[in-house]
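Accompanying notes for the structure given below.
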Amino acid sequence: MTIKLVAYGIAKDILGKHQMEIQLEAVNNLGDLKEWLCQQYPDFQKLRSLSLAVNEAYQDDDFALNTEDEVVIIPPVSGG
Amino acid sequence: MTIKLVAYGIAKDILGKHQMEIQLEAVNNLGDLKEWLCQQYPDFQKLRSLSLAVNEAYQDDDFALNTEDEVVIIPPVSGG
Amino acid sequence: MLDIQIHSTPLDTQTCIDFTSHPNAGGNTVFVGTVREFTKGKKVLRLEFESYEPMAIKEMTKIAKLAEEKWSTLAISIHHRVGVLSIGELAVVIAVSTPHRKASFEACEFMIDTLKETVPIWKKEIFEDGEVWVAAHP
Amino acid sequence: MLDIQIHSTPLDTQTCIDFTSHPNAGGNTVFVGTVREFTKGKKVLRLEFESYEPMAIKEMTKIAKLAEEKWSTLAISIHHRVGVLSIGELAVVIAVSTPHRKASFEACEFMIDTLKETVPIWKKEIFEDGEVWVAAHP
């Protein structure tokens, strides 16, 4: 399926771009996607945390993905 | 000896004036003066607390009084 | 750095914040005490604050120095209003800056709590049918 | 009453305080987060804040609603800055009013603590010899 990835902060540096579209097989939920990201871009494994958001909200690993979903990569936040 | 009394807040209302001079015998320290005040003006006994200050600072009951001292009567404070 | 003042004219929060701004400050907490409209359901028309000014300044300075020592504050500003105040006006502003934020909350809360216990300032609430010195009686 | 905003221009503390002024407010606590000059002894030249804005607004609103429910706050204003900031500029202002003061300290501290944990905003510190996304690595 087709997933649109959006990255902020250090995730943007690791991905090398702010947005990209990827074609994935055998990825059903956010947990699978996170695993894929950490394999393709090992620098994600070095972060203090890695969260994913869909629909402008944090979602759990078992959140089911549909084609055309936009997934936002949220590295450790540091506002305030 | 001669003591100058200064009163603020409700103490001013109880005393009936902001300042007064009193002549006292058998009063050696602030504890004695407090007792005298509570006898002469029983409304002082109804307050939540009663403190006395000399030299712009709270002083204990055993603070020795000298003639011409200025004693400030501090009823319960309520600033802020 | 301490800035301790008593004013008979309206207080300005920004003045206190500006005093405490500091290049090493990571947290800046400000407490603003305002005059409430109701006390135990009774409508307050206005308030009068009276202070024993020289001692009030000394006691506020003492509080600020205790906070400075305990929390290594960078700057503290305490301004207290006296005189006649309308509803909504500022009675007190306490601003404090520290390198890290937790200390600024603790120091600010310590200062307002202690101010209310020790600083010789008295508040009278004026109602339609009378007036009362706040907290004078048990 | 909630006022949650993200600005790319300088923040104004007084605007947040004014929003939270309320006739029943007895306490008004304001936290101001500023940009510090040194991090672990290294001189910071400037900072860049980046946000995932729609979600950041949602998360800040969520935090404000939690505080509103838990401490029965009267009004809350949270303004967060994004873009390039110089030393001493305001990164965040959180103002909250409550009928009694203890609640305003607790609510304000809860909000800044939670904001720093959950709101998708990222801070990059720029030094003379490089730059780093703050808190990205363990």
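Just so it is clear, none of the values below were taken in a lab; they were calculated from the coordinates. Remember, predicted model here, so these are calculated numbers, not experimental data. Please note: Cβ atoms are built from the backbone with ideal geometry, for glycine as well, and neighbour counts cover all protein chains shown.
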(request) Identify, for chain C, the residue whose C-beta comes nearest the rotation axis onto chain D, and round that distance to whole Å. (result) C:Val30, 2
(message) Run the paramagnetic zone check for B:Ala26: 7 angstrom along Cα to Cβ, then residues of the stretch B:39-61 with backbone nitrogen under 19 Å.
(response) B:39-42
(message) Need one number: nm distance between label points at D:Glu53 and C:Ile126, each 7 Å from Cα along Cα→Cβ, rounded to one decimal.
(response) 5.0
(request) Evaluate E = 1/(1 + (r/R0)^6) for A:Gln39 and A:His18, where r is the Cβ-Cβ distance and R0 equals 25 Å; express this FRET efficiency to the nearest 0.05. (result) 0.70
(message) Using the Kirkwood radius over C-alpha pairs as Rh, can you work out the diffusion coefficient of the stretch A:2-74 via Stokes-Einstein at 10 °C, viscosity 1.306 mPa s, in µm² per second?
(response) 131
(message) With the label 7 angstrom out along Cα to Cβ, how close does B:Asp32 come to the same site in each of the other copies, in nm, nearest first?
(response) 9.3
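Let me make sure I get this right: for the protein assembly as shown, a, b and c are the square roots of the gyration tensor eigenvalues over alpha carbons, sorted descending. Under 1.5 in a/c it's rounded, otherwise prolate if a/b > b/c, else oblate. Which is it? Could you put the intermediate results ahead of the total?
Details: a/c = 3.52, a/b = 2.58, b/c = 1.36.
Cα axes put the protein assembly as shown in the prolate bin.
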(request) Grab the DSSP H runs of the protein assembly as shown that are 4 residues or longer, score each as -39,500 (n - 2.57), total them, divide by all residues and round the 222 nm result to the nearest 500 deg cm²/dmol. (result) -9000 deg cm²/dmol
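Across the residues of D:129-138, average count of Cβ atoms on other protein chains within 10 Å? Walk me through the numbers before you get to the answer.
Numbers: counts 0, 0, 0, 1, 10, 6, 9, 13, 7, 5.
Shielding by partners across D:129-138 averages 5.
How would you order C:128-134, B:50-56 from highest to lowest mean count of nearby Cβ atoms within 10 Å? Don't skip to the answer; put the middle values down first.
Working: C:128-134: 12.9, B:50-56: 17.7.
Averaged packing, sorted descending, gives the order B:50-56, C:128-134.
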(request) Check the straight Cα-Cα distances from D:Lys62 and name the lysines below 19 Å, setting aside those fewer than 8 residues away within the same chain. (result) D:Lys70, D:Lys116
(request) Report, for D:Leu45, each distance to the same residue's label point in the other copies, shortest first and in nm; define the point 7 Å along Cα→Cβ. (result) 6.4
(message) Taking the alpha-carbon distance from C:Lys43 and a cut-off under 20 Å, which aspartates and glutamates remain once sequence neighbours fewer than 8 residues away in the same chain are dropped?
(response) C:Glu89, C:Glu125, C:Glu128, C:Asp129, C:Glu131
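Please compute the contact order of the stretch D:1-116 in relative form: average sequence separation of alpha-carbon pairs under 8 Å and at least six residues apart, divided by the residue count, as a percent. Display every interim value, and only then the final one.
Details: 244 pairs, mean separation 49.2, N = 116.
It comes to 42 percent, rounded to a whole number.
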(request) Fewest Cβ neighbours within 10 Å first, please rank D:Arg46, C:Arg101, B:Arg48 accordingly. (result) B:Arg48, D:Arg46, C:Arg101
(request) Report, in degrees rounded to the nearest 10, the 0 to 90 angle that the Cα long axis of helix C:53-71 makes with the longest principal axis of chain C. (result) 40
(request) Could you tell me which residue in chain A puts its beta carbon nearest the axis mapping A onto B, with the distance rounded to whole Å? (result) A:Gly80, 14
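Taking the beta-carbon count within 10 Å as an exposure proxy, list C:Ser8, C:Ser77, C:Ser21, D:Ser104 from fewest neighbours to most. Provide the component values of the computation, followed by the final result.
On the way: C:Ser8 11, C:Ser77 23, C:Ser21 17, D:Ser104 30.
Ordered by Cβ neighbours within 10 Å, fewest first: C:Ser8, C:Ser21, C:Ser77, D:Ser104.
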(message) Pick from C:Thr20, C:Thr118, C:Thr61 the residue whose mean-square fluctuation is largest in a GNM of chain C, springs joining Cα atoms under 10 Å.
(response) C:Thr118
(request) Measure nothing fancy, just the Cα-based angle from helix C:101-118's long axis to the longest principal axis of chain C, in degrees from 0 to 90, nearest 10. (result) 40
